[in-house]
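As structure tokens, the structure follows; a few thoughts come after it.
The values are calculated or read from the model by the stated rules, or taken from the named source; none is laboratory data. Only a predicted model underlies this, so the values are computations on that prediction, with no experimental measurement involved. Virtual Cβ from ideal backbone geometry, glycine too; neighbours counted across all protein chains shown. In case anyone asks, the SASA skips ligands and DNA or RNA and just uses the protein heavy atoms, side chains included. Shrake-Rupley method; radii C 1.70, N 1.55, O 1.52, S 1.80 Å.
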Amino acid sequence: MPTLHGVSASPYVRKVQAVLNTKGIDYTVNPIIPFGDKSELLSLNPLGKIPVYQDSNVTLGDSSVICAYLEKNHPDTPLYPMDASKYASALWLEKYADTHLTPTLGTVFFQRVLNPNMFGTPTDEEAVAKVVNDDAPIMFDYLEAQIGSNEYFVGNSLSIADFAVASPFVNAAAGGLTLDSGRWPNLAAFVARIFANPAFDEKISL
Ligand SMILES: N[C@@H](CCC(=O)N[C@@H](CS)C(=O)NCC(=O)O)C(=O)O
């Protein structure tokens with residue numbers, strides 16, 4: 001059975017879990033955390049990051065690589081559009097979420113959840129305020145415009161873009177940052193919809 005190394009407190013691990021669950025792939029979890037002694041993780045991924053996915057054929061780091069591999073190996077219940085421009089849009093939104101939204105919302109999670117509860121360091125409320133007041137609203141405006149009144153981000157069907165965008169909102173919520181549904185009604189409704197998807201494991205256990 002495949003093994004997913006990592007904990008679902010990571011938005012990237014959660015994204016992979018959502019894909020595994022959507023496709024009905026059985027797997028076991030090795031709940032490795034990417035802090036402290038990294039020797040086990042570095043033996044699996046030279047970048048020392050979670051998630052890592054392992055089956056009898058591959059050991060893969062990077063959630064996007066893992067999800068693309070899962071799609072190729074399990075094409076039923078597709079999560080990547082067939083149409084070239086929609087496919088590119090899904091990849092773009094996944095990248096935007098992974099490289100921009102997730103690290104930004106992750107600051108709130110690190111400062112408000114991990115720092116006090118795991119690292120024993122105080123929250124930098126100035127860093128949190130910058131995300132809440134300046135950085136995140138720009139991204140929420142963009143995503144609100146992208147989703148419009150559609151149910152999903154691309155082609156009106158569930159895709160990798162949806163899991164990538166929704167995933168960091170779990171961490172943001174754990175850090176006390178939730179979407180103002182008056183200001184971003186479509187994005188807020190979208191996030192609630194993905195949170196309710198049975199394949200999406202929104203739990204955070206530290
Ligand atoms: N691009 C990578 C990012 C993975 C990543 O940054 N994971 C974080 C946890 S959320 C990590 O392992 N950080 C440890 C580190 O950077 O040393 C992916 O999509 O998997």
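Inside region 32-53, can you point out the residues that are within 14 Å of the ligand (Cβ to nearest atom) and of a type outside the set (A, V, I, L, M, F, W, C)? Break it down stepwise before answering.
Residues of region 32-53 within 14 Å of the ligand (Cβ to nearest atom): 32-42, 44-53.
Once the filter is applied, which keeps residues that are within 14 Å of the ligand (Cβ to nearest atom) and of a type outside the set (A, V, I, L, M, F, W, C), region 32-53 yields P34, G36, D37, K38, S39, E40, N45, P46, G48, K49, P51, Y53.
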| note | The lone condition S39 fails out of (1) free of Cβ contacts under 8 Å to residues at least 40 places away in the same chain; (2) under 14 Å from the mean Cα position of the chain (by Cα) is (2)
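Among helices (runs of 4 or more DSSP H) lying entirely in region 1-118, which contain 1 or more residues that are out of contact with any helix residue (DSSP H, G or I) (no Cβ under 9 Å at 6 or more places or on another chain) and open to solvent by 50 Å² or more (accessible area, probe 1.4 Å)? Lay out the reasoning, then the answer.
Numbers: elements: 11-22, 39-44, 63-73, 84-96, 102-109.
In region 1-118, the matching helices (runs of 4 or more DSSP H) lie at 11-22, 39-44, 63-73, 84-96.
Matching residues to (1) of a type in the set (K, R); (2) in a helix (DSSP H, G or I); (3) surrounded by fewer than 14 Cβ atoms within 10 Å (Cβ to Cβ):
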residue: P122; (1), (2), (3): no, no, yes
residue: K130; (1), (2), (3): yes, yes, no
residue: D134; (1), (2), (3): no, yes, yes
residue: D141; (1), (2), (3): no, yes, yes
residue: A145; (1), (2), (3): no, yes, yes
residue: L179; (1), (2), (3): no, no, no
residue: A192; (1), (2), (3): no, yes, yes
| Considering region 54-75 alone, what residues qualify as being touching a Ser or Thr at 6+ places or on another chain (Cβ under 9 Å) and away from the ligand (no atom under 16 Å from the Cβ)? | D55
| note | If we ask which residues in region 1-27 are of a type in the set (G, A, S) and under 11 Å from the mean Cα position of the chain (by Cα), their number turns out to be 4
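Residues to consider are P2, P11, P78; find the one that is within 13 Å of the ligand (Cβ to nearest atom) and at negative phi.
P11
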